[in-house]
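Working notes for the structure below.
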Amino acid sequence: MLSKLLILSSSRILFPDSIETKPGTIEIDNITGKIIRIHPFKASINDYNDQNQFFDVGNNVIMPGLIDAHVHLNEPGRTDWEGFESGTKAAAAGGVTTVIDMPLNSIPPTTNVHNLQEKIRAAKGKCWVDVGFYGGIIPENQEGVKGFKCFLIDSGVEEFPRVSEQDVRNAFEKLQGQNSFIMFHAEMEGNNTDIQQSELKEYYEQIPPVNYEKFLLSRPQSLELNAISLVVDLAKQYKNVKTHIVHLSASDAIPLIKQAKSDGNNLTVETCFHYLCLFSEEIPNGGTEFKCCPPIREKSNREKLWQALLDGTIDYVVSDHSPCIAELKKFNDKKEERDFIKAWGGISTLQFGLPLLWTEAQNRGIGLKQLTTWLSKNTSKQVGLQDQKGEIKVGFDADLVIWNPEESFENKVTPYLGRKILGVVYKTIVRGKIVYDKNNGGLVNIPYGELLI
């Protein structure tokens with residue numbers, strides 16, 4: 001018989017009206033999956049009858065489940081890279097309760113309503129967490145998607161071509177006043193980005209492709225600055241169109257973004273776990289597991305991204321989870337022969353974002369409140385879920401992660417191989433259903449996730 005309530009009791013719960021964690025008890029309706037009551041004390045099992053399911057999680061932290069608004073699940077069409085089942089299982093194991101799937105890398109891409117419906121059919125019955133969808137820049141697929149993405153540079157897959165400035169302007173015209181937003185992969189070529197026309201040409205040609213420096217020089221900060229300059233100009237012209245920059249890597253663009261936001265333009269920005277946790281100086285020759293676009297840059301660049309995150313210039317953090325088969329990463333080649341230029345650009349971080357960011361945050365004296373703002377609250381607002389997800393409130397979906405932020409583990413997955421990382425997830429709850437339980441077999445057998453359409 002289904003229990004009436006799921007009750008969670010902890011000495012450390014992160015409530016929206018508190019900077020620090022506090023003791024509390026959360027009561028969840030097992031039918032609706034909504035939080036129905038919150039008590040400011042740690043209850044015991046004796047306070048409830050046996051018709052309810054009660055968990056005393058001790059000193060483990062309960063906080064809102066993560067909302068990862070930048071994930072490539074690649075289904076249908078490229079399920080050997082990743083799919084809804086494998087991707088959402090990884091999310092559940094990492095405390096992520098909602099993912100928003102990007103429109104490219106699947107075949108067909110989500111660039112019209114028919115393709116969106118095909119993706120929805122592929123996803124049904126395979127999701128362990130809630131899944132929403134983005135569309136391509138084509139306005140006809142507004143139905144059912146959270147926003148539209150475009151590339152101002154080659155996307156890496158032929159079925160999702162780059163767009164011109166005029167294409168983007170047409171999209172802005174059609175999306176004025178709509179409840180969607182336009183996302184930019186903000187890299188754009190120009191006279192200042194061609195390494196073959198620069199003073200570094202001779203030096204660049206002498207660098208072997210196994211060396212990360214060659215790839216880094218091929219994707220300079222000016223690529224991002226060119227694109228972001230255009231994005232800011234468009235945001236100024238179309239003030240009632242929500243505009244978003246995905247996976248910011250270049251710190252050179254921060255002053256421009258900061259000024260644009262200060263001027264009141266409708267602009268938001270995300271960055272990624274790998275840009276905040278890694279830096280180019282530590283990437284070894286042949287380490288193609290580190291390749292992504294835009295690239296991981298210098299340590300000094302990383303620190304400027306952290307500062308922009310702290311001062312609100314960057315709004316939230318995502319994974320840009322983009323797995324592929326080993327062959328595309330050149331893993332089948334000897335490490336000393338792996339070509340950074342030819343390897344696929346993408347990093348898989350969906351399962352480990354929470355502990356990775358927490359480890360770096362702890363090194364900077366940053367607390368849990370700020371963490372959940374970047375990983376849940378701000379993201380929920382971006383994708384229009386702020387009235388149901390992203391905070392622990394009565395009436396909200398019971399999307400929760402229960403974890404121990406003091407416990408450490410050694411990561412066994414590249415590119416974080418061998419790192420000592422703080423934070424172990426013990427339970428992930430999606431709308432009141434336990435989808436991951438570390439001490440009870442890990443992932444459950446039932447895909448409780450729903451499609452957010």
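A short reminder: the numbers here are calculations on the coordinates, not readings from a lab. Worth saying up front: this structure is predicted, and the values here are computed from it rather than measured. Using ideal geometry, Cβ is built from the backbone for each residue, glycine included, and neighbour counts are taken over all protein chains shown.
Ranking 188, 102 by Cβ neighbours within 10 Å, fewest first, what do you get? List each step's numbers first, then the result.
Values: 188 22, 102 27.
By the 10 Å Cβ count, ascending, the order reads 188, 102.
Excluding the sites themselves, what is the longest stretch of the chain that contains no GluC sites (Glu not before Pro) in a DSSP loop with at most 15 other C-beta atoms within 10 Å? Could you put the intermediate results ahead of the total?
Numbers: sites that count: 20, 143, 158, 159, 189, 199, 298, 327.
Excluding the exposed sites themselves, the longest stretch runs over 328-453.
To the nearest 500 deg cm²/dmol, what mean residue ellipticity at 222 nm is calculated for the chain from DSSP H runs of n ≥ 4 alone, each contributing -39,500 (n - 2.57), summed and divided by the residues? Please list the in-between numbers first.
Numbers: 12 runs with 109 residues, N = 453.
Per the formula, -7000 deg cm²/dmol.
If R0 is 41 Å, what FRET efficiency do you get for residue 233 and residue 406 from their C-beta distance, rounded to 0.05? Spell out each step's value before the answer.
Details: r = 47 Å, r/R0 = 1.14.
Between residue 233 and residue 406 the formula returns 0.30.
Checking the a/c ratio against 1.5 first, then a/b against b/c, what shape does the Cα gyration tensor give for region 1-79?
Because a/c hits 1.5 or more and a/b fails to exceed b/c, region 1-79 counts as oblate.
For the chain, what proportion of DSSP beta bridges, expressed in % and rounded to the nearest 5, is antiparallel?
On the way: 30 of 63 bridges.
Bridges in the chain that DSSP calls antiparallel: roughly 50 percent.
Using only C-alpha positions, report the orientation-averaged shadow area of the convex hull of the chain, nm², one decimal.
Details: hull surface 84.4 nm².
Computing the convex hull of the Cα atoms and averaging its projections yields 21.1 nm².
Report, in whole Å, the centroid distance computed from the Cα atoms of region 223-279 and region 311-329.
16 Å
Hey, what angle do you get for helix 221-237 against the long axis of the chain, alpha-carbon based, 0 to 90 degrees rounded to 10?
Result, in degrees: 70.
Tell me the trypsin sites (Lys or Arg not before Pro) within region 320-420 that lie in a loop according to DSSP and have at most 10 other beta-carbon atoms within 10 Å. Please list the in-between numbers first.
Values: sites: 329, 330, 334, 335, 338, 342, 364, 369, 377, 381, 389, 393, 412, 419, 420; in loops: 329, 330, 334, 338, 342, 364, 389, 393, 412, 419.
Answer by residue number: 334, 412.
Residue 311 to residue 282: FRET efficiency via 1/(1 + (r/R0)^6), r the Cβ-Cβ distance, R0 22 Å, to the nearest 0.05? Intermediate results must be reported in sequence, preceding the final value.
Values: r = 26 Å, r/R0 = 1.18.
With a Förster radius of 22 Å, E is 0.30.
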